[in-house]
Amino acid sequence: TAPAYYDHPAYIGAPAQSVERAYAGLEQRPDLLVTSYHGVPQRYLTEGDPYHCQCQKTSRLLREKLGFASDEMVVAFQSRFGPEEWLQPYTVEEVARLVQGGKKRIAVLAPAFSSDCLETLEEIDGEIRESFLDAGGEEFTYIPCLNDDAAHIDMIETIVEQEAAGWL
């Protein structure tokens with residue numbers, strides 16, 4: 001097994017390449033990059049779970065790797081359910097709020113998902129896109145998960161080799 005790699009340089013580099021590739025294909029640069037993570041109940045954080053801090057660190061390192069200013073990226077959380085308060089801001093509400101703050105073009109990336117699934121495709125590229133556009137947003141760019149991208153495979157190989165070093 002490998003330890004959490006949320007801050008591993010090879011991991012940070014892989015989604016950074018995805019963002020750079022997506023931005024290069026756009027006519028106009030988005031006003032903001034939203035990094036959307038799967039939410040968990042707020043009490044997990046207050047009980048000591050490191051997930052929230054890991055998400056924040058991943059986004060900070062990604063922002064630094066991309067050379068973005070602090071106001072060019074926000075962290076939000078998706079996929080909440082039930083009556084409990086979950087980590088905030090909630091992505092679906094945050095993207096609508098961003099429009100009210102003048103952000104008419106955004107890109108959304110889900111760094112914690114290794115591959116696209118119902119939560120990324122239906123929730124982000126569907127429900128969250130709709131929330132943004134319904135609020136008056138003009139351009140929504142969904143940046144796919146790493147999936148089978150070569151940078152993802154290289155990152156996995158790097159981490160496995162690092163963790164397996166000295167086993168023989």
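The values are calculated or read from the model by the stated rules, or taken from the named source; none is laboratory data. Here the structure is a predicted model, which means the values were calculated and not measured. We place every Cβ from the backbone using ideal geometry, glycine too, and count neighbours over all the protein chains shown. We work out accessible area using only protein heavy atoms, side chains counted, and drop any ligands, DNA or RNA first. Shrake-Rupley method; radii C 1.70, N 1.55, O 1.52, S 1.80 Å.
3J(HN,Hα) couplings calculated from phi for the stretch 142-151 with the Karplus curve 6.51 cos²θ - 1.76 cosθ + 1.60 (θ = phi - 60°) are, in sequence order, 8, 9, x, 5, 5, 6, 9, 4, 4, 5 Hz; Gly and Pro show x. The mean sequence separation of alpha-carbon pairs under 8 Å and at least six residues apart, normalised by the residue count of the stretch 42-147, gives a relative contact order of 26 percent.
Could you list the residues of the stretch 9-40 with an amide nitrogen less than 17 Å from a label point located 7 Å from the Cα of Glu84 in the Cα-to-C-beta direction? Output list for this probe position: 38-40.
Remark: the Asp71-Thr46 segment gains 6.3 nm on full extension, using 0.36 nm per residue and subtracting the alpha carbon distance. Positive contributions from Lys and Arg (+1) and negative ones from Asp and Glu (-1), summed over other residues with Cβ under 9 Å from the Cβ of Leu66, come out at -1.
Largest mean-square fluctuation among Phe140, Phe68, Phe77, in a Gaussian network model of the chain whose springs join Cα atoms under 10 Å apart, belongs to Phe68. With a 10 Å cut-off between alpha carbons and a GNM built on the chain, which of Gly126, Gly67, Gly13 moves the most? Highest fluctuation of the listed residues: Gly67.
Backbone phi angles across the stretch 17-26, fed through the Karplus curve with coefficients 6.51, -1.76 and 1.60 (θ = phi - 60°), yield HN-Hα couplings of 4, 4, 5, 4, 5, 5, 5, 5, x, 9 Hz in residue order; Gly and Pro are listed as x. Most simply put, the chain has about 5% antiparallel DSSP beta bridges, counting only bridges with both residues inside it. The share of alpha-carbon pairs in the chain lying farther apart than 25 Å comes to 32%. Annotation: the stretch 1-97 has a Kirkwood hydrodynamic radius of 14.6 angstrom, from the mean reciprocal C-alpha pair distance. For the chain, with all protein chains in place and a probe radius of 1.4 Å, 51% of the accessible heavy-atom surface sits on carbon or sulfur.
If the elastic network links every pair of Cα atoms under 10 Å, which of Pro15, Pro89, Pro144 fluctuates the most in the Gaussian network model of the chain? Of the options given, Pro89 has the highest mean-square fluctuation. If R0 is 30 Å, what FRET efficiency do you get for Asp154 and Glu64 from their C-beta distance, rounded to 0.05? So, using R0 = 30 Å, E works out to roughly 0.90. The amide H of Tyr37, built 1.01 Å from its N in the peptide plane, has Ala76, Phe77, Gln78 as neighbours under 5 Å, considering only residues 5 or more places off or on other chains. Comparing Cα centroids, the stretch 41-89 and the stretch 96-168 end up 13 angstrom apart.
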